[in-house]
Amino acid sequence: MAESENRRPLISGNWKMHLNHFEALKLVQELSYEVTRDDVDAVDISVHPPFTDIRTVQTALESDRIPFFLGAQHCHWENNGAFTGEVAPSMLSKLGVALVIAGHSERREVFGETDEMVNAKVRAILAEGMTPILCVGETLEEREAGQAQSKVEGQLSAGLAEVGAEEVAGLVVAYEPIWAIGTGKTASADDAQAMCAAVREVIRAGFGGDAADAVRIQYGGSVKPVNAAELMNQPDIDGALVGGASLEAESFARIIQYRLHD
């Protein structure tokens, strides 16, 4: 993989609204048996369970010394208040959460999250010492209309408003074409690379070369063991945000081990 020495690959499993806490515990333990020391030396791994599973997964990771980062799928941008059903960034940080997904297309499309809301979450996640995974991506209609790059660049610029260059250097951007999520369709490696390169250039223009060279850019959208290596071999793709294939230990482990199937 033609990666920068400063960009360690990050493979993240987004479990979405799947798995109760018993099932989550079973999955993380099975995954720990599938993943080797060589894998952990080569790749950062994060798991993003539902909120009800986080404490269980945290305890398993810590007690069994499993070298995965604990992630969350979402949070509010306020640390307290009358927001029934929401979870504060500070609550997650106290549970040892390291990475939080912000602006996933399902949050934008289904729950109506705006660019401004996503930006507020990004800044709140950073304020709690956690790393945002900022998601950007276009619909099929936008791609067919030639608007894919402008849509992604707009989401990226809005999501990073009022964020400093040093903070941008340490965060993660996930390019997830909406038309490829859960559909079985995947952007070609060339298309994914082109958009991830465009993301890096937006960061270079707005935050400088150091931030652009350091920021990690994931691809998300029907990532599977059969396409992981081709995607990860692109020079501007530094990881994967994996949905359905992360719900089974063997398939997720094979994605983590993409370098063995190159």
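Below are the figures for this structure:
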read-out: Helices (runs of 4 or more DSSP H) completely within the range 21-139 that count 3 or more residues being touching a Gly at 6+ places or on another chain (Cβ under 6 Å) and in contact (Cβ under 8 Å) with a residue 40 or more places away in the chain; value: 115-127
read-out: Residues of the range 208-241 satisfying the condition of being among the hydroxyl-bearing types (Ser, Thr, Tyr) and surrounded by 22 or more Cβ atoms within 10 Å (Cβ to Cβ); value: 219
read-out: Residue in the range 126-140 that is modelled with pLDDT under 95, in contact with a helix residue (DSSP H, G or I) (Cβ under 7 Å, 6 or more places away or on another chain) and loosely packed, with under 15 Cβ neighbours inside 10 Å present; value: yes
read-out: Criterion (under 23 Å from residue 145 (Cα atoms), out of contact with any Pro (no Cβ under 8 Å at 6 or more places or on another chain) and of a type outside the set (Gly, Ala, Ser)) met by exactly one of 168, 202, 215; value: 202
read-out: Looking only at the range 15-24, and only at residues there that are closer than 20 Å to residue 241 by Cα and over 18 Å from the mean Cα position of the chain (by Cα), the one that is surrounded by the most Cβ atoms within 10 Å (Cβ to Cβ); value: 24
read-out: Qualifying residue in the range 242-259 (condition: more than 25 Å from residue 47 (Cβ to Cβ) and surrounded by fewer than 19 Cβ atoms within 10 Å (Cβ to Cβ)); value: no
read-out: Selected residue (only one of 102, 161, 98 is within 19 Å of residue 77 (Cβ to Cβ), under 14 Å from the mean Cα position of the chain (by Cα), surrounded by fewer than 18 Cβ atoms within 10 Å (Cβ to Cβ) and not β-branched (Val, Ile, Thr)); value: 98
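The values are calculated or read from the model by the stated rules, or taken from the named source; none is laboratory data. Source: prediction; values computed, not measured. Note that each Cβ is placed from the backbone with ideal geometry, even for glycine, and that neighbours are counted across all protein chains shown.
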